[in-house]
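J.: The structure is given below, and queries will be raised subsequently.
The values are calculated or read from the model by the stated rules, or taken from the named source; none is laboratory data. Quantities reported herein were computed from a predicted structural model and do not represent experimental measurements. Every residue, glycine among them, receives a Cβ derived from its backbone with ideal geometry; neighbour counts consider all protein chains shown. SASA here: full protein model, heavy atoms, side chains in, ligands and nucleic acids out. Shrake-Rupley method; radii C 1.70, N 1.55, O 1.52, S 1.80 Å.
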Amino acid sequence: MIFSSRLKKLSLVSALIVIGFIVFRNQTIAQSASNKSYIMQGGEIEQKTLINPIESPSKPSDKNSEKTSNIYFGENYQVISESNQEDSQALSFSISNNLVDYGKLTPANPVSRIIDLTVSESPSRGYSVFTFENNELSDAHNNFIPDTTCDNGTCSEISSALWSSNLSFGFGYRCENTDGSGCTEDFSEKGYFKQFANESKSEAYQIIINDLNSRKAKIELKANISNTQTKSSYSNSIIFIAVPNL
Amino acid sequence: MRLKSKIFLIASVLIIILLFIPKDANASGYSLSIYPTTIRIKANSPAIVKTGVIIKNLSDNTAELSYILKPFVAGNNNSDKVNYLLYSDYTSREAKFLQRVKILEEDQPVSKITLSPKQEKNLTIYIDVPKEEESKDHYFSLVFLTQDKNNPDSTYSQIVEGIGINVLISINPKEYKARIKNFSTSSFISEGPVKFNVEVENTEQNFINSSGYILITNIFGQNIGKVNLGERSILAKSTVNMSNEKLSDIIWKENLLLGRYKAKLIINYENSPTLIKETAFISIPVRQIIILTIIGFFVILVRKKLKTS
């Protein structure tokens, strides 16, 4: 009987200790204090740098350097050239190839080529990579290889679809993640392709990568022609633009 | 012996031919870096705005660059992505404004820039804001594009790299006003981390720059957590979902929670009065309680069995 009551006491004390630990273990880590009437914001020391407007802003070289904000004033204007972010604000973008050669295309024999897109430095707000083509793959006589509509005829520059059949013709691309999840969800399923947005048809540029961190993606370009395609050499320009998010 | 010398001769000729065959035109790519990535300007007309941008060629090949100016509006669904306007959607006012934006190299307007391997150039963005310019915001990306001309005798795609910065300019800005459209979290959770939803709306005609944080207090009013929000530009008459720095969601990384907690959102923008909103949530670590209860029952059971034996 005595042992049982001791056990109950012990359980009660243990429960109180556990609850106390969960509730009180957190330290006051915020740099501010508040009540109903006021908020005291400690914040971090912000260094304001005044520079000559004609001078170019100097890029912070040390990633651990203090937060900086380049604000300067000209006659009737004010420029804030960068925000208070801890990390570097530069954007660095690389493409592995300046030309993709598909060789001599033969009917029902799809040709795929891979290029690498790498963002090695990005602002903390993240970035997007847009893509489009200047026109369809075309020759000097206005013959062209149409943009693919994939196996079921539904893919476009906006929506993706499976393209695996050798009897589905055209030109398209897919984005393949190599070290993360930067490619848009259109390409989450294997073998899904899209058309490039065609600038000559005033189609809107499409985002293929949107990410917060620096990453690498592989872009697969695929061309397949039918028996009726005029034998010729076709070409176009494909543009990839990396820009920071807002 | 004669056979050996023939083989040697053929091999030498093959090696020489292989050495002199031109390399594939697609062997090299591009690598560019740009800084700063966002420029925010507030100007009162008339003004001649000049601000710098640094572009660097990180590759081992010379880069020939041109540039374009692409106007944009806020992205759909409160997104932080820019939404480029089609040429057909440009208004005459936008087209006129963009005509007054120039890129200067050593004070001379340029349409092309040449960068040697690893070379960096300081360029100036020059914007002429005349006296009669209307009060309005303009948003555009300055995009540098590589230029190459390879013409192989086959089917090919020329790859063009573009790298851009965003320029936000308010002409004769008047008033800044924003509101917290949404601040919420799950009202009941059994364990952390805790995810918050924050939407901030810019209700006026000029872009704003916003930042902020969330303070979490426990039932005793103690501050026990702080979540910093990433700095964001909110375009005129648009709403954005705020996020953590380098994270797409707002997460308070605390796992073991018990009781009622209050979360206070503090948003600062453009030296305007701070926006504050509160929400609350209750956390009961159901799993831990179940485990403790089972252990308790087990101890009592063992104790009773020992007693009876």
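J.: Considering (1) more than 22 Å from B:ARG179 (Cβ to Cβ); (2) loosely packed, with under 12 Cβ neighbours inside 10 Å, say which one B:ASN271 fails and leave the rest.
T.: B:ASN271 satisfies all of (1) more than 22 Å from B:ARG179 (Cβ to Cβ); (2) loosely packed, with under 12 Cβ neighbours inside 10 Å except (1).
J.: Is there any pair with a first residue in segment A:102-114 that is not assigned by TED's automatic domain parsing to the domain that holds A:SER168 and a second that is exposed (fewer than 13 other Cβ atoms within 10 Å of the Cβ) and of a type outside the set (S, T, N, Q) whose Cβ atoms are under 7 Å apart and which are 6 or more apart or on different chains, and what are they?
T.: none
J.: In addition: Looking at this structure, is A:VAL119 out of contact with any helix residue (DSSP H, G or I) (no Cβ under 6 Å at 6 or more places or on another chain), more than 8 Å from every other protein chain (Cβ to nearest Cβ), modelled with pLDDT under 95 and part of a strand (DSSP E or B)?
T.: yes
J.: Of all residues in segment B:159-197, count the ones that are over 21 Å from the mean Cα position of the chain (by Cα), within 9 Å of another protein chain (Cβ to nearest Cβ) and surrounded by 23 or more Cβ atoms within 10 Å (Cβ to Cβ).
T.: 1
J.: So B:ILE54 fits all but one of (1) touching an Asp or Glu at 6+ places or on another chain (Cβ under 7 Å); (2) more than 29 Å from A:LEU99 (Cβ to Cβ); (3) among the aliphatic types (A, V, I, L, M); what number is the exception?
T.: Unmet for B:ILE54, out of (1) touching an Asp or Glu at 6+ places or on another chain (Cβ under 7 Å); (2) more than 29 Å from A:LEU99 (Cβ to Cβ); (3) among the aliphatic types (A, V, I, L, M): (2).
J.: Out of segment A:226-245, which residues are hydrophobic (A, V, I, L, M, F, W, C) and open to solvent by less than 10 Å² (accessible area, probe 1.4 Å)?
T.: A:ILE238, A:PHE240, A:ILE241, A:ALA242, A:VAL243 - these are the residues of segment A:226-245 that are hydrophobic (A, V, I, L, M, F, W, C) and open to solvent by less than 10 Å² (accessible area, probe 1.4 Å).
J.: Give me the strands (runs of 3 or more DSSP E) completely within segment B:155-228, filtered to those with at least 1 residues that are without any contact (Cβ under 8 Å) to a residue 60 or more places away in the chain and among the hydrophobic types (A, V, I, L, M, F, W, C), ordered by residue number.
T.: Hits in segment B:155-228: B:155-171, B:208-217.
J.: I'm checking my understanding of the structure. Among residues of segment B:274-294 that are at the interface with another protein chain (Cβ under 10 Å from one of its Cβ atoms) and of a type outside the set (Gly, Ala, Ser), which one is farthest from B:ALA178 (Cα to Cα)?
T.: Once the filter is applied, the top-ranked residue is B:LEU292.
J.: Give A:ASN143, A:ASN109, A:ASN152, A:ASN134 a once-over and let me know the one that is open to solvent by 20 Å² or more (accessible area, probe 1.4 Å), under 25 Å from B:TYR84 (Cβ atoms) and polar (S, T, N, Q).
T.: Result: A:ASN134 is the single residue among A:ASN143, A:ASN109, A:ASN152, A:ASN134 that is open to solvent by 20 Å² or more (accessible area, probe 1.4 Å), under 25 Å from B:TYR84 (Cβ atoms) and polar (S, T, N, Q).
J.: Among the strands (runs of 3 or more DSSP E) lying completely within segment B:61-125, list those that include at least 2 residues that are more than 27 Å from B:TYR30 (Cα to Cα).
T.: B:63-74
J.: Give me a count of the residues in segment A:151-209 that are more than 24 Å from B:GLN158 (Cβ to Cβ), without any contact (Cβ under 8 Å) to a residue 24 or more places away in the chain and not in a loop (DSSP other than H, G, I, E, B).
T.: Here the count works out to 1.
J.: Follow-up question, since we're still on this one. When both residues are 6+ apart or on different chains and their Cβ atoms are under 9 Å apart, which pairs have a first residue that lies in segment B:288-309 and is closer than 23 Å to B:ASN255 by Cβ, and a second that is among the polar types (S, T, N, Q) and not in a loop (DSSP other than H, G, I, E, B)?
T.: Short answer, once both residue conditions are applied: B:LEU292/A:SER14; B:GLY296/A:SER11.
J.: Given the criteria surrounded by fewer than 17 Cβ atoms within 10 Å (Cβ to Cβ), over 30 Å from B:ILE290 (Cα atoms) and at pLDDT 95 or above, does B:GLU132 qualify?
T.: no
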